[in-house]
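One structure below.
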Amino acid sequence: MTRKRTEAERQRYRAALDSMATLPRIVFLLHSLDALSYEEIALRIGDDIPAVERHFATALKHLVREIDGPLP
């Protein structure tokens, strides 16, 4: 079951997305919201699958760092 996000959580999430570099943000949104595969994203952005994987990992690290604070 998914819990409802508070307004403060939504604002932190939005701020984290807004402060993310362009390619990681695009890859994250295409994969997470549009449910595109890495292969489909690679074709859309004109890059290879390993690059898409790196961009997605960068996006996740950025979100964790911005929302939860730095990793130990």
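Residues are listed down the side, and each one gets a yes or a no for (1) farther than 17 Å from Ala57 by Cβ; (2) surrounded by 12 or more Cβ atoms within 10 Å (Cβ to Cβ); (3) out of contact with any Cys (no Cβ under 7 Å at 6 or more places or on another chain); (4) touching a residue at least 60 places away in the same chain (Cβ under 8 Å):
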{"site": "Lys4", "(1), (2), (3), (4)": "yes, no, yes, no"}
{"site": "Arg10", "(1), (2), (3), (4)": "yes, no, yes, no"}
{"site": "Leu17", "(1), (2), (3), (4)": "no, yes, yes, no"}
{"site": "Met20", "(1), (2), (3), (4)": "no, yes, yes, no"}
{"site": "Leu23", "(1), (2), (3), (4)": "no, yes, yes, no"}
{"site": "Leu29", "(1), (2), (3), (4)": "no, yes, yes, no"}
{"site": "Glu39", "(1), (2), (3), (4)": "no, no, yes, no"}
{"site": "Leu43", "(1), (2), (3), (4)": "yes, yes, yes, no"}
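A Cβ distance below 6 Å, combined with a sequence gap of six or more or placement on separate chains, defines the contacts here; from the range 58-72, residues that are at positive phi reach no residue that is of a type in the set (Asp, Glu) and at pLDDT below 90.
Residues in the range 30-72 that are in contact with a Leu (Cβ under 6 Å, 6 or more places away or on another chain) and hydrophobic (A, V, I, L, M, F, W, C): 3 in all.
Taking the range 46-72, which residues are surrounded by 15 or more Cβ atoms within 10 Å (Cβ to Cβ) and hydrophobic (A, V, I, L, M, F, W, C)? Result: Ala51, Val52, Phe56, Ala59, Leu63. Tell me yes or no: at least one residue of the range 36-51 is outside any loop (DSSP other than H, G, I, E, B), among the hydroxyl-bearing types (Ser, Thr, Tyr) and out of contact with any Pro (no Cβ under 7 Å at 6 or more places or on another chain). Yes, there is a match, as at least one residue in the range 36-51 is outside any loop (DSSP other than H, G, I, E, B), among the hydroxyl-bearing types (Ser, Thr, Tyr) and out of contact with any Pro (no Cβ under 7 Å at 6 or more places or on another chain).
The values are calculated or read from the model by the stated rules, or taken from the named source; none is laboratory data. Model, not experiment: these values are computed from the prediction. Every residue, glycine among them, receives a Cβ derived from its backbone with ideal geometry; neighbour counts consider all protein chains shown.
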